[in-house]
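The values are calculated or read from the model by the stated rules, or taken from the named source; none is laboratory data. Everything numeric here is computed off the predicted structure, so don't read it as measured data. Quick reminder, even Gly has a Cβ in these numbers, built from the backbone with ideal geometry, and neighbours come from all protein chains shown.
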Amino acid sequence: MGVRFGTLSTKVAQNALPANATETVIYIVGPMILATDSVAVLFHWFITLVVGTGTTVIAVRMRRGTTTAGGLIGASNWSQTVAAGQTICMAGVYFDVFFASVTSYCLTVTQTGASGAGTVQDGTLAAFIL
């Protein structure tokens, strides 16, 4: 007997990166209909972007919900030291254990020190209900 895992994914960027250090929602998946007891959700994400002027660090975060006010998944952000104009690719895998029946998730990006907008070139966010 086979098992099929529930999945959601997106490649559609929701917002452009601003010309400042504002945390910005890039990808949203959901709402996901989860079991009413605890459930594990596995995330796979990647993003390729051109770093904006003045940017020294790119920070990526996973959050519950569709805004930057959502609960942070993981102890901190995933970050990379960068130089303006550089093209970078970042990727990651992470778990969340959640106790609600419906929720969405989002991937956010912050350009620390930015004085010019960066450009998202490619990426995805995929969620697998386990």
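Observations on the structure shown:
- Subset of segment 61-74 that is buried (at least 17 other Cβ atoms within 10 Å of the Cβ) and part of a loop (DSSP other than H, G, I, E, B) - its residue that is nearest to the chain's Cα centre (by Cα): T66
- Candidate set from segment 1-41 (those that are in a strand (DSSP E or B) and at pLDDT 90 or above); member that is surrounded by the most Cβ atoms within 10 Å (Cβ to Cβ): Y27
- Scanning segment 42-60 for residues that are in contact (Cβ under 8 Å) with a residue 60 or more places away in the chain, closer than 17 Å to D96 by Cβ and crowded, with 16+ Cβ neighbours inside 10 Å turns up F43, W45.
- Residue count for segment 75-129, restricted to those that are over 17 Å from A16 (Cα atoms), assigned to a strand (DSSP E or B) and not hydrophobic (A, V, I, L, M, F, W, C): 11
- Selection over segment 75-99 of residues that are more than 14 Å from the chain's Cα centre (by Cα), loosely packed, with under 13 Cβ neighbours inside 10 Å and in contact (Cβ under 8 Å) with a residue 40 or more places away in the chain gives a count of 2.
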